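The values are calculated or read from the model by the stated rules, or taken from the named source; none is laboratory data. Quantities reported herein were computed from a predicted structural model and do not represent experimental measurements. Neighbour counts run over all protein chains shown; Cβ positions are idealised from the backbone, glycine included. For accessibility, only protein heavy atoms count, side chains too; no ligands or nucleic acids. Shrake-Rupley method; radii C 1.70, N 1.55, O 1.52, S 1.80 Å.
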Amino acid sequence: MMHMADALISPAVGGTMLATTAGVAAYSIKKLQNELDEKKIPLMGVMGAFVFAAQMINFSIPGTGSSGHLGGGMLLAILLGPYAGFLTMASILLIQALFFGDGGLLAFGCNVFNLGFYTCFIAYPFIYKWFTRKGITSKRIFAGSMASALVALQLGAFSVVLETLLSGKTELPFEKFVLLMQPIHLAIGIVEGLVTAAIITFVWRARPDILEKAANEEAFGNISMKKVLTALSIAVVVVGGLFSWFASANPDGLEWSIEKTAGTAELEAPDGIHETLSEIQSKTALLPDYDFKASENEKTAGQAENAWPAVNAGTSVSGIVGGALTLALAVFTGWVIMLIKRRKIKTTA
Amino acid sequence: MSHHKIEVRNLYFSYPDGHKAIKNMSFSIYHGESIGIIGANGAGKSTLLMLLMGVYFPDGGEVLVGDVRVTKKTLPMIRQRLGMVFQDPDDQLFMTTVYEDVAFGPRNYKLEEEDVERRVMQALEKVGIPHLKDRAPYKLSGGEKRSAAIASVLSMQPDVLIMDEPTSGLDPKSRRRVIDLLKSFEHTKIITSHDLDMVLETCKRIIVIKKGEIAADGTAVDILSNEDLLNSCGLELPLSLQKCPVCGTSKGKFGYIHEKIVVDKEAKKELRLTRE
Amino acid sequence: MSNMINSLSNMRLLDDLARKETFIHRIHPLIKLLTTVVYLTVVVSFERYEIIGLLPFIFYPILIFAFAELPVAPILKMILLIEPFIIGIGILNPLFDHSKVLFGGIAISKGWVTFLSILIKCSLTVTASILLIATTGMDRFAVALRMLKIPKIFVLQILLTYRYISVLIEEVSRMIRAYSLRAPGQKGLKWSAWGSFAGQILLRTFERAERVYQAMNLRGFTGEYYTGDIAKLSFKDLAYFAAWSLFFIIARIYNIPVLIGSLFTGVI
Ligand SMILES: Nc1ncnc2c1ncn2[C@@H]1O[C@H](COP(=O)(O)OP(=O)(O)OP(=O)(O)O)[C@@H](O)[C@H]1O
Ligand SMILES: [Mg+2]
């Protein structure tokens, strides 16, 4: 499953998702604390480490020459239950973001949601639980793991698409992006379903008590139909709302160009910069005149063009020169500090 | 000092799968004693320690610490008295630095941070690793890990130290360090091990367990030199009490007393090799 | 197998670096976290065609590298390692966007501009995250989390995961070594063996969790996690935060390279 990177999201999307995830996490912690099972904390900790390590065990996918590995979201949900599973996923992703730059701090909320929420709070209670509602057999484990992994990954992938598009950092048209992401994640989902089923089946054969415990403990297991319906309808309203907002922002239907979804708020800032820049330039009068003409032309060409202040020739020349100078200065500064530090170490040593 | 006494009365315990791990055990341990618990793999040593610590509760009989029976209710108080060092230090060193680990226990008893720090440093000094306090556990050698694990228990200032296989997996030097450390403790000590030489050195009294029952209980010297008893319990004489592999004499307190009086240098070297 | 050893040694390197004692290391962890977040937010807030304006932001990582005395090569390697993922997404831009723009008299595809912008942003953001942990370390990072009122239990759980990643990766690579000795020339595990292989490790993980729980419990753990005293913020910390934030915001509002460049080209 793909991790969202900081570079691909806008602060608004990142912030919203972070807040949402924090909400779900806070709720999960509360639920866990009500359970009053302090045993679960070391189990979550060590299980998180397990998933982290297991993600690195590659296996060859027969007939394809490629290799796959575990994602772990469904596994955590099934073995630890939705609340502990979600929190464990969050801690894995945090460590990955910090130590490997895999995902990122801003994208943390997005990633926990994409990988943890759909698995633990949608696929597990509504799909896996449904398949295993009449007791566990290896067939049911297989069907349940497969179906829930497929659904969770499809939802997660779609979520990635939405977050990316809402952020407006890339050019990808919605349609093409979806057509790219969903099939890829269908394949990933099948692999995830298979490995989840394999490992759960193994655990069930060797230590049935573990699965029984996880299943019985779970308040989610005997959740009432009414609650299920409420949760589902809320989800539908939220998703539907997002959709219609999307659609209205893009009257030409599926031709959702990023140009438009990028939002106008962000495009105003560069405008301001542009003007300030022009002012400074006119005050210092160091640049030839044609620069401003070009700039004016650009402004009439439409907002999207303005998003890139260096479009006009004049500023782009100074941009390149200034950029090079900036870089050189930065590297030089770093080098000088290191030099001074080395000296100090030498003299004190 | 009766409150340091540990008493085990007619103890029975079965695992959930029905395996009877402890059968009718009774013994008492007094203040300041050092006790070695030995027995073959699966004899029930670890299980017994878990029962003493109240990790498991017996199916029959009881464990008394001081005059208090080990039950769910009395656990917090009992666990302040008994400190247990686990067989695998990785299980015990669960925090990210040695300091945090050693501080974990005292902090749980809600001590002031100054007291916590004092206790941590005391414990680290006692085991000789104050310089490692900011190390991550994965950066410690096996022996250092063991010392850190012992420190994490010492910082709780227990009256009784309970250790499961404290020298397993250590190289000779680290093993020596741990043995010397154990000898330096004035605590009441309960040590399980397959390292009978270590037990001989650190414990005065020995309890032999065989298939969940006590096979023998007596002084270290008596039991560890009783070849028949040890053999019947799946054990062997400690190396230091075995016959000299070179000339067949028994080793005395100060090493083998060899029949041949060795003069030349070559043989002297050989003699040195055969000691320990 | 090799990726496992790699990840582990990277984590350990960062852990080691975090134990240095420089001025940057001594800044309060919360401040470093907040500074990083401001940095990330500002960098990410640039629109997708921006390139030149992003350049001043390289000052931040360079200064941190220099002041915190961090080795450049190994950290750069870690960052490059993550780059392919981004290239994977970013490379689609030139494919989908062929419209041209004039840049310094040369027509280039906007798709490539976007791609380059994403690449720069990614390098900066990934570097910032790694530098945060390389100058803070997991324990002090946990302190920052505590100060942000993240529940202690969750913080403890993160620390446990962090701690046991080392132990488990070692365990797993031992098992993989044993496996590959008996199955030479195989790339990855055989599919059919994966389930029982991972399952074995999982069962051991459960047993370990049980023992860890007992060890915690024997030392008085009852579901509450008590941390030591948390250091207070000093004036120096606040000044550090303010100075960087100011720089980030100025660099966000004004296109510094263009300013410098226009002064420069004008003078000449
Ligand atoms: N969790 C468990 N469930 C079922 N049986 C167990 C469990 N733990 C231990 N046993 C069994 O109980 C018996 C005693 O085990 P114990 O671990 O106490 O042995 P031990 O004397 O410590 O052995 P070793 O020297 O190998 O450490 C063994 O037969 C073992 O198989
Ligand atoms: Mg044992």
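Cβ-Cβ contacts under 7 Å between residues 6 or more apart (or on different chains), taken from a first residue in the range A:145-161 that is closer than 17 Å to A:Leu76 by Cβ to a second residue that is outside any helix (DSSP H, G or I), are listed as A:Leu153/A:Met1; A:Gly156/A:Met1. Give the residues of the range C:36-65 that are assigned to a helix (DSSP H, G or I) and more than 7 Å from every other protein chain (Cβ to nearest Cβ), sorted by residue number. Hits for the range C:36-65 are C:Val38, C:Tyr39, C:Val42, C:Val43, C:Gly53, C:Leu54, C:Phe57, C:Tyr60, C:Pro61, C:Ile64.
Exactly one residue out of B:Leu82, B:Leu48, B:Leu11, B:Leu64 is within 16 Å of ligand 2 (Cβ to nearest atom) and in contact with a strand residue (DSSP E or B) (Cβ under 7 Å, 6 or more places away or on another chain), and it is B:Leu48. Among the numbered conditions (1) closer than 30 Å to A:Leu165 by Cα; (2) open to solvent by 10 Å² or more (accessible area, probe 1.4 Å); (3) part of a helix (DSSP H, G or I), the only one that A:His3 does not meet is (3). For the range B:136-173, enumerate the residues that are within 11 Å of another protein chain (Cβ to nearest Cβ), surrounded by fewer than 22 Cβ atoms within 10 Å (Cβ to Cβ) and modelled with pLDDT under 90. Hits for the range B:136-173 are B:Tyr138, B:Lys139. When B:Pro137, B:Pro158, B:Pro166, B:Pro130 are screened for being touching a residue at least 60 places away in the same chain (Cβ under 8 Å), closer than 21 Å to B:Tyr99 by Cβ and either within 11 Å of the chain's Cα centre (by Cα) or away from ligand 2 (no atom under 16 Å from the Cβ) (or both), only B:Pro158 passes. Is one or more of the residues making up the range C:160-172 buried (at least 18 other Cβ atoms within 10 Å of the Cβ), under 30 Å from the mean Cα position of the chain (by Cα) and in a loop (DSSP other than H, G, I, E, B)? Scanning the range C:160-172, I find no residue that is buried (at least 18 other Cβ atoms within 10 Å of the Cβ), under 30 Å from the mean Cα position of the chain (by Cα) and in a loop (DSSP other than H, G, I, E, B), so the answer is no. The listed residues are C:Ser7, C:Ser45, and the only one of them that is more than 21 Å from B:Ala136 (Cα to Cα) and open to solvent by less than 60 Å² (accessible area, probe 1.4 Å) turns out to be C:Ser45. The residue of the range B:31-44 that is nearest to ligand 1 (Cβ to nearest atom), among those that are under 21 Å from B:Leu200 (Cβ atoms) and surrounded by fewer than 21 Cβ atoms within 10 Å (Cβ to Cβ), is B:Asn41. Given the structure, is C:Leu203 touching a helix residue (DSSP H, G or I) at 6+ places or on another chain (Cβ under 8 Å), within 12 Å of chain A (Cβ to nearest Cβ) and surrounded by fewer than 19 Cβ atoms within 10 Å (Cβ to Cβ)? So C:Leu203 fits the description; yes. State whether the residues of the range B:97-110 include one that is within 16 Å of ligand 2 (Cβ to nearest atom) and at negative phi. No.
Within this structure, B:Tyr56 passes the test of being surrounded by fewer than 21 Cβ atoms within 10 Å (Cβ to Cβ), farther than 30 Å from C:Ala18 by Cα, assigned by TED's automatic domain parsing to the domain that holds B:Asn231 and within 15 Å of ligand 2 (Cβ to nearest atom).
Going through (1) crowded, with 17+ Cβ neighbours inside 10 Å; (2) outside any helix (DSSP H, G or I); (3) out of contact with any strand residue (DSSP E or B) (no Cβ under 8 Å at 6 or more places or on another chain) one by one, B:Val120 falls short only on (2).
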